[in-house]
Amino acid sequence: MKTVVIGAGIAGLVTAIRLREAGQDVTLVTKGLGGLQLGQGTLDVFGYNPDRVDSPIAEVEKVAAADPGHPYAAIGADAVRTGVEYMAGLVGGLLEGSVDENILLPTAVGAMRPTSYIQSSMANGACTAGKKLLIAGPEQLKDFYPQLIAGNLARTDLPGGGRVEARSASFSIPARGTEADSSGLQYARALDRPEYRRQFAAAIKPLVRDGETVGLPAVLGLNDLNAWRDLQDLIGAPIFEIPLPPPGVPGMRLNQLLTDLAKEKRVKVILGSPVLGGTAEDGRLVSVTVGSTGHDMVVRADHVVLCAGGFESGSLELDSYGVMSETIFDLPLVGTDIPEPTHGQYWGDPQPMFRVGVKVDSAMRVLDAAGQPVYANLHAAGGILAGAVRWTEKNGEGIALGSAIAATDAILGGI
């Protein structure tokens, strides 16, 4: 059987890898690099609804039962648990956590963010009452402000009562040469080198007091996944990473591992080429048309999985007349019956258009207005599913991975 997967975000890569492991012939087509680099490098299953969620999988079950329009109603809690655990297994120990309990982690503005699975380099940052934190970073790094982070952490009440103790410090070490304004990626590449790690640790170590855990920007190595452990040994105190605004190094690590794994398993990857549409026969897609330089290319398919994301990736569009559309197969959208797709309150409620997307059945097949599959072999996963505001609810990875499992189970089961 041959499957075409459209999109190279977390849903697309995991879908392609799982189908290939089952022996399918898989072609992954993507016009860009995918959105993993724009995330925090963690797996969010459910963070807020609207209050902070302690048990994400329990919230998935609750929403799946109560809200038929939410993606979790079609996906189900079992697929979410399977998807998150499968993803953690793919990246070989980089991720740790549980879908049963959220962890509170410091953010780059000193807030505390609930999430389910974190990278091992972040684990020491779990916030508990009385914990003593030193938030420190190089003066030459953009977008990392230790004083802001420490100040906000120290004044935030923890859910069970109490606060952390936090103070800040800075040190001077450029990422390369005498550069005065470096990105996180430049620091991560520098910290892949043991010699640079020794210099970095020597700058931090005199700042640390007994009993403190050191919060550093999430730049502690890109390719060397144990760079943070070496740095921790050199400093002689527990350390943890705090994700920076996107694009972020932890997301790049996940993207690199999944992309390398897809290639290792011989997923055929067509990069930098948009899917322009498809050809249908007897209610099934039999091929997709891929735009490429010089001529378009037709790729035959027994199944197609659409993992192209939503408005942020251009898979969904809003034109100047307020009309919303799906850009590859012109699929029917739900959630469009709203007076205004957007409002002007930047810090107000989520924009109404964020809930727009395609409706699917439990096999992740895209449905029409009558509730029937548009094409019997067209499945969808990830950010194109209607009914959730993923960045407000903090459940983007849970939806992506759960729907990837549901779609691949359906394909492998002959649906």
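The values are calculated or read from the model by the stated rules, or taken from the named source; none is laboratory data. All of these numbers come straight from a predicted model, not from anything done at the bench. When we count neighbours, we look across all protein chains shown, and the Cβ atoms used for this are built from the backbone with ideal geometry, even at glycine. With ligands, DNA and RNA removed, areas are computed over all heavy atoms of the protein, side chains included. Shrake-Rupley method; radii C 1.70, N 1.55, O 1.52, S 1.80 Å.
Considering only residues in the stretch 309-344 that are closer than 21 Å to Gly12 by Cβ and among the charged types (D, E, K, R), the one that is modelled with the lowest pLDDT turns out to be Glu312.
Restricting to the stretch 97-116, name every residue that is part of a strand (DSSP E or B), open to solvent by less than 20 Å² (accessible area, probe 1.4 Å) and under 25 Å from Ala227 (Cβ atoms). Spell out the reasoning first.
So in the stretch 97-116, the residues part of a strand (DSSP E or B) come out as 97, 103-106, 112-115.
After this cut, where a residue has to be open to solvent by less than 20 Å² (accessible area, probe 1.4 Å) as well, the list is 105-106, 112, 114-115.
Matches in the stretch 97-116: Leu105, Pro106, Thr115.
Is the stretch 195-216 home to any residue that is open to solvent by less than 50 Å² (accessible area, probe 1.4 Å), of a type outside the set (S, T, N, Q), without any contact (Cβ under 8 Å) to a residue 40 or more places away in the chain and assigned to a loop (DSSP other than H, G, I, E, B)? Within the stretch 195-216, none of the residues are open to solvent by less than 50 Å² (accessible area, probe 1.4 Å), of a type outside the set (S, T, N, Q), without any contact (Cβ under 8 Å) to a residue 40 or more places away in the chain and assigned to a loop (DSSP other than H, G, I, E, B).
When the strands (runs of 3 or more DSSP E) confined to the stretch 234-300 are screened for residues that are charged (D, E, K, R) and at pLDDT 95 or above, none reaches at least 3 such residues.
Every residue in the stretch 256-279 that is among the hydrophobic types (A, V, I, L, M, F, W, C), touching a residue at least 60 places away in the same chain (Cβ under 8 Å) and in contact with a strand residue (DSSP E or B) (Cβ under 7 Å, 6 or more places away or on another chain), please. Passing the criteria: Ala262, Val267, Val269, Ile270, Leu271, Val275.
For the stretch 242-255, check the following and say yes or no: at least one residue is touching a residue at least 40 places away in the same chain (Cβ under 8 Å) and farther than 23 Å from Ile10 by Cα. The answer is no, given that none of the residues of the stretch 242-255 is touching a residue at least 40 places away in the same chain (Cβ under 8 Å) and farther than 23 Å from Ile10 by Cα.
Only a single criterion out of (1) open to solvent by less than 40 Å² (accessible area, probe 1.4 Å); (2) in a strand (DSSP E or B); (3) closer than 26 Å to Asn223 by Cα; (4) not polar (S, T, N, Q) is not satisfied by Gly83, namely (2). Could you run through the stretch 34-66 and say how many residues are in contact with a Gly (Cβ under 9 Å, 6 or more places away or on another chain) and either among the polar types (S, T, N, Q) or open to solvent by 60 Å² or more (accessible area, probe 1.4 Å) (or both)? The total comes to 5.
What is the residue count in the stretch 169-183 for residues that are in contact (Cβ under 8 Å) with a residue 40 or more places away in the chain and polar (S, T, N, Q)? Walk me through it before giving the result.
Pass one, the stretch 169-183, residues in contact (Cβ under 8 Å) with a residue 40 or more places away in the chain: 180-183.
Among the residues that remain, those that are also polar (S, T, N, Q) are: 182-183.
Number satisfying all stated conditions: 2.
I need the full set of residues from the stretch 5-35 which are among the β-branched types (Val, Ile, Thr) and over 14 Å from the mean Cα position of the chain (by Cα), in order please. Of everything in the stretch 5-35, those that are among the β-branched types (Val, Ile, Thr) and over 14 Å from the mean Cα position of the chain (by Cα) turn out to be Val5, Ile6, Thr15, Ile17, Val26, Thr27, Val29, Thr30.
If the condition is being in contact (Cβ under 8 Å) with a residue 24 or more places away in the chain, open to solvent by 20 Å² or more (accessible area, probe 1.4 Å) and among the small types (Gly, Ala, Ser), then the stretch 136-168 contributes Gly151, Gly160, Gly161, Gly162, Ala166, Ser168.
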